[in-house]
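Each remark here refers to the structure printed beneath this line.
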Amino acid sequence: MHWFELAYTHTMYYLAQVYRNLGENERAATYCHSTLQRQLQLNQFSPMEWALNAATLSQYYITKGQYMEGRHCLAAATVISGLAGEVPSEAAARESETESERREQLQQKRADIARCWIKYCLNLLQDAKKLLEDNIGELDTDRQDELKRARRQEEEEEEKGRKSALLFGSEDTFDSIASVEEKVMCLLPLGFTEARAVFLVGQNYVTQAKEYFQMDGYVTDHIEILQDHSSLFRALAFFEEDLERRCKMHKRRVDMLEPICNDLNSRYYLLIRRQLMFELAETYNEMMDLKLTLANRQADNHSLDSHTIKKFNHLCSASARYFQMFLDSLCSPEGKQPEHLEEEVLRPALVARFRVARLHSKLISSSPPVQLENLNRALENYKYVVQYCEAHPEAAAAVETELELSTEMVGLLPLKINRLKSRMAANN
Amino acid sequence: MSKIKSSESVKVVVRCRPLNRKEESNGPAGGIVQMDLRLGQVILRNPRAPPSEPQKTFTFDAVYDSSSKQRDLYDESVRPLIDSVLAGFNGTIFAYGQTGTGKTYTMQGVWLDPEKQGVIPNAFDHIFTHISRSQSDKQYLVRASYLEIYREEVRDLLDPNHGNTRGLELRESPETGVYVQDLTSCVCKSIKEIEEVMNVGNQARAVGATDMNEHSSRSHALFLITVECSQPGPDGRKHIRVGRLNLVDLAGSERQAKTGVQGDRLKEAAKINLSLSALGNVISALADGRSSHVPYRDSKLTRLLQDSLGGNAKTVMVATLGPASQHYDETLTTLRYANRAKNIQNQPRVNEDPKDALLREFQKEIARLRAQLNHRRWRSKQKKEQMDGEAWERDGDEEEEEVEEEEVEKEAEEFVKLEEQRLEKENEAIREDQFLLAEEKQRLLGENEKMMGDLRKRQEATEQLTARYKVVGRWCVSRVVIEGEAGYTMIRSPVCHRDTEDK
């Protein structure tokens with residue numbers, strides 16, 4: 001009988017592979033799910049191995065937007081990994097090699113499961129954002145209301161879904177798994193309160209994961225976790241109505257990523273640094289826009305006080321500085337700019353140019369020579385975009401809108417510059 | 001199909017050895033591997049297939065046929081990599097191929113014969129020649145290490161106790177990247193010394209294994225050369241650049257137990273792994289999507305080499321083939337692996353948030369600037385006409401002047417009114433322009449939405465690639481699937497758009 005059950009389990013497993021090879025991933029996932037379930041039922045599993053498999057399967061579900069199934073897999077992974085026992089203490093690890101290895105293994109695998117949870121929370125927030133945003137990236141309150149009304153129906157369906165889904169566990173574990181599931185929602189959050197709850201769960205797992213994947217020893221993993229943390233903040237900011245608080249969230253992102261970016265060896269970590277630089281540039285830009293909106297709301301007559309101007313300029317130039325750093329990272333070791341931009345960096349590079357231009361034209365200064373300098377820098381960068389696309393027609397498709405706007409600005413900015421120059425001459 | 005330009009960082013080259021005497025005598029058919037050197041293509045003929053079946057074609061960065069010279073392969077495909085190592089960057093050379101396909105000849109060759117020296121002795125030559133020719137203010141230090149990764153444990157082949165101790169730890173620091181803790185490294189001042197290190201390591205490798213074939217076919221050997229250059233900088237202080245060269249001999253591919261359909265079927269049989277312990281592999285393959293985390297398993301090799309995915313690090317994969325028809329299946333497998341390796345994107349993409357609010361702002365600013373431009377034109381025209389009006393004014397006598405003044409005033413008023421009307425028309429035109437702009441904006445928005453859709457797709461692709469990089473960073477750069485029986489030396493295959501050979 002036992003052999004028969006085992007053979008059945010294996011058959012599920014073979015079917016999973018067959019469907020995977022045929023490219024029918026959905027079916028393959030179902031059979032993986034079934035295989036895991038049978039392993040649990042028949043008590044033929046090693047806890048950590050099983051937990052990791054379940055956590056990995058959850059990632060499949062997450063990328064398909066099937067959050068209920070994903071959450072179930074993760075909850076089961078958490079519970080079953082607990083069955084692997086306590087982590088050996090440091091003292092025990094020092095005594096024996098096997099204990100030390102076991103400690104290492106357990107810690108790492110649990111940290112990996114935490115990372116899968118982070119992805120769950122992050123994807124949930126991001127998918128909710130995509131659903132709720134209007135065409136300029138702000139929260140569409142009409143859509144929000146609509147979805148809230150539809151929510152009731154969804155909740156009923158969720159219950160039905162749970163009953164029909166393959167549930168993991170045995171009698172002992174059903175309850176524990178359910179209680180882990182209850183800690184986080186599986187429907188898309190529709191407002192700030194719900195989003196914040198998901199965020200906090202995600203942040204909790206960030207802390208857990210960072211305990212093992214420390215900077216010293218696991219640089220790449222540590223940074224990936226930080227990037228996820230930053231993305232969690234960014235996603236939550238979308239739901240936050242209060243602009244001041246929104247700005248603070250972006251500040252957290254900057255504080256988290258800025259020191260890392262500067263610490264990394266620029267040769268070995270070039271690509272990660274580029275990602276960080278670009279993200280920092282965009283975040284500073286976001287903060288700048290928020291500060292401006294806030295200031296304009298307070299002052300009716302559109303004149304900003306010097307403190308606000310200083311703050312604004314600081315954020316503006318920080319953003320420009322990071323975009324410029326990104327651009328500089330594309331240069332050869334001798335400092336020469338690339339004549340041809342590789343496909344992977346084409347759009348970011350041209351967008352960075354575009355943004356540097358815009359940022360320079362936004363800098364506020366009362367000194368005409370400084371204004372002139374800023375406008376000239378702006379013009380220079382708009383020109384680069386136009387000229388690069390002329391020399392490389394295939395690039396134009398990647399930055400259609402930016403190119404159009406750059407062309408306009410190249411036409412119009414010289415007038416502004418000339419007017420400024422003549423004013424300067426007149427005043428002298 | 002035209003040659004795909006791969007990312008600069010990863011180069012895949014394929015080399016086929018000549019038929020040996022035994023193979024030649026076996027059949028008149030000749031080899032099954034044909035190469036088009038100019039196009040960089042390998043054409044594979046299935047000896048069991050009917051003539052009507054199309055041959056399989058694969059394209060690579062460079063292909064070397066049986067008449068190729070060691071020197072040519074080195075100069076074309078490896079030299080730039082060594083140059084960059086000497087400049088302080090990291091580089092990796094992978095060797096992949098079935099035993100007997102010329103892997104060892106390609107990588108080692110005949111050490112003492114300058115014509116027949118392989119990649120490794122050529123590299124040593126290159127490095128030490130460069131050092132001897134360098135300026136006197138530059139000081140160099142060359143160190144060599146040799147390690148083996150067997151059953152996911154890192155063993156130091158230069159450590160006499162390596163068989164008894166635990167595997168070594170991989171660590172990572174922000175300044176130095178990934179490194180092996182406590183790895184023995186020997187300072188080498190000449191080619192002779194470095195050769196000696198290699199011999200010691202090779203012997204140590206053989207000693208540990210009960211069955212050498214089995215052992216070498218399951219373990220990766222990594223010979224690591226570190227070149228440090230110290231040079232006084234413009235500030236008077238000494239600046240140190242460190243370049244790392246990894247020479248990796250990948251675990252053999254020939255030991256796959258073939259299950260599934262054999263014979264004349266043209267579709268590659270789906271390899272079903274019999275051992276349930278490989279369930280993880282199956283699930284991982286499903287989960288390899290955007291925005292996901294795959295808890296990587298067996299990846300000491302890939303972690304160690306992850307900075308060869310660094311972007312300014314160069315990677316070369318050398319795949320070796322045998323031309324005989326009895327090795328068709330293995331040859332096809334090697335080509336497929338090499339093909340996948342070629343598709344690796346080394347660059348994790350930058351995630352960009354398309355800003356539509358920004359576009360609206362721009363359109364406002366442009367409208368404003370245009371309006372200012374038009375206003376200036378109107379102003380200057382008004383001034384000009386005013387001056388004409390003034391000139392006209394001066395030419396009358398007093399009484400007439402009064403009347404004329406009135407008239408002029410009236411005319412001026414008229415003029416102003418007309419100008420106002422004209423301005424209003426122009427404003428309307430500008431508004432219409434703005435309307436046009438708005439329409440344009442709508443169109444642009446429509447386009448934008450499409451673009452947003454595209455951008456989102458691109459963003460998804462970006463995230464996919466970012467995730468892929470993250471996964472790739474975990475899984476070996478060669479993205480070769482070696483489904484070990486115990487599922488341990490797993491190097492994952494990418495979920496690429498182009499996972500098939502050229503048609």
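Name the residues in region A:207-219 that are outside any loop (DSSP other than H, G, I, E, B), in contact with a Lys or Arg (Cβ under 8 Å, 6 or more places away or on another chain) and not aromatic (Phe, Trp, Tyr), would you?
A:Gln208, A:Ala209
Kindly indicate whether any position in region A:80-92 is facing chain B (nearest Cβ under 10 Å) and free of Cβ contacts under 8 Å to residues at least 24 places away in the same chain.
Checked region A:80-92: no residue is facing chain B (nearest Cβ under 10 Å) and free of Cβ contacts under 8 Å to residues at least 24 places away in the same chain.
If you scan region A:265-289, which residues turn out to be facing chain B (nearest Cβ under 10 Å), at pLDDT 95 or above and either surrounded by fewer than 20 Cβ atoms within 10 Å (Cβ to Cβ) or touching a His at 6+ places or on another chain (Cβ under 9 Å) (or both)?
Across region A:265-289, the qualifying residue is only A:Thr283.
Could you grab the pairs with beta carbons closer than 7 Å, sequence gap of 6+ or different chains, first residue in region B:97-120 and under 15 Å from B:Val13 (Cα atoms), second one outside any strand (DSSP E or B) and of a type in the set (Lys, Arg)?
Once the first residue is under 15 Å from B:Val13 (Cα atoms) and sits in region B:97-120, its partners that are outside any strand (DSSP E or B) and of a type in the set (Lys, Arg) give B:Gly97/B:Lys103; B:Thr101/B:Arg17; B:Gly102/B:Arg17.
Residue check: is A:Leu52 surrounded by 23 or more Cβ atoms within 10 Å (Cβ to Cβ) and in contact with an Asp or Glu (Cβ under 9 Å, 6 or more places away or on another chain)?
Here the answer is yes, as A:Leu52 does meet what is asked.
Could you list, in sequence order, all residues of region A:338-372 that are in contact with a helix residue (DSSP H, G or I) (Cβ under 8 Å, 6 or more places away or on another chain), more than 14 Å from every other protein chain (Cβ to nearest Cβ) and of a type in the set (Gly, Ala, Ser)?
Listed by number, the list holds a single entry, A:Ser365.
So in region B:293-305, with the set limited to residues that are facing another protein chain (nearest Cβ under 7 Å) and crowded, with 24+ Cβ neighbours inside 10 Å, which one is modelled with the highest pLDDT?
Filtering first and then ranking leaves B:His293.
From A:Glu224, A:Glu258, which residue is within 26 Å of A:Gly65 (Cβ to Cβ) and part of a helix (DSSP H, G or I)?
After applying the criteria, what remains is A:Glu224.
Where residues in region A:77-109 are of a type in the set (A, V, I, L, M) and touching a Leu at 6+ places or on another chain (Cβ under 8 Å), which of them is surrounded by the fewest Cβ atoms within 10 Å (Cβ to Cβ)?
Ranking the candidates gives A:Val87 first.
Does region A:110-143 hold any residues that are crowded, with 17+ Cβ neighbours inside 10 Å and farther than 22 Å from A:Val184 by Cβ, and which are they?
none
Which one is nearest to A:Tyr322 (Cα to Cα), of the residues in region A:351-383 that are among the hydroxyl-bearing types (Ser, Thr, Tyr) and more than 31 Å from the chain's Cα centre (by Cα)?
Step by step, filter region A:351-383, then rank; the result is A:Ser365.
Hey, could you check region A:261-284 for residues that are in a helix (DSSP H, G or I) and over 17 Å from the mean Cα position of the chain (by Cα) and say which is farthest from B:Leu305 (Cα to Cα)?
A:Asn262
Identify all residues within region B:83-118 that are within 25 Å of the chain's Cα centre (by Cα), of a type in the set (Phe, Trp, Tyr) and more than 25 Å from A:Arg267 (Cβ to Cβ); write none if there are none.
Across region B:83-118, the qualifying residue is only B:Tyr96.
For region A:250-264, give me each residue that is farther than 10 Å from A:Thr283 by Cα, surrounded by 15 or more Cβ atoms within 10 Å (Cβ to Cβ) and either within 12 Å of chain B (Cβ to nearest Cβ) or touching a Lys or Arg at 6+ places or on another chain (Cβ under 9 Å) (or both).
A:Ile260, A:Cys261, A:Leu264
Any chance you could count how many residues in region B:60-97 are closer than 16 Å to B:Asn339 by Cβ and surrounded by fewer than 21 Cβ atoms within 10 Å (Cβ to Cβ)?
Number satisfying all stated conditions: 2.
Say we look at region A:3-60 and pick out the residues that are of a type in the set (Ser, Thr, Tyr) and at the interface with chain B (Cβ under 7 Å from one of its Cβ atoms); which of these is farthest from A:Gln108 (Cα to Cα)?
Across region A:3-60, the extreme among qualifying residues is A:Tyr14.
In region A:171-220, how many residues are of a type in the set (Gly, Ala, Ser) and more than 21 Å from A:Glu240 (Cβ to Cβ)?
5
So how many residues does region A:384-424 have that are over 32 Å from the mean Cα position of the chain (by Cα) and either of a type in the set (Lys, Arg) or not in a helix (DSSP H, G or I) (or both)?
4
The values are calculated or read from the model by the stated rules, or taken from the named source; none is laboratory data. Fair warning: this is a prediction, and the values are worked out from it, not measured in the lab. Quick reminder, even Gly has a Cβ in these numbers, built from the backbone with ideal geometry, and neighbours come from all protein chains shown.
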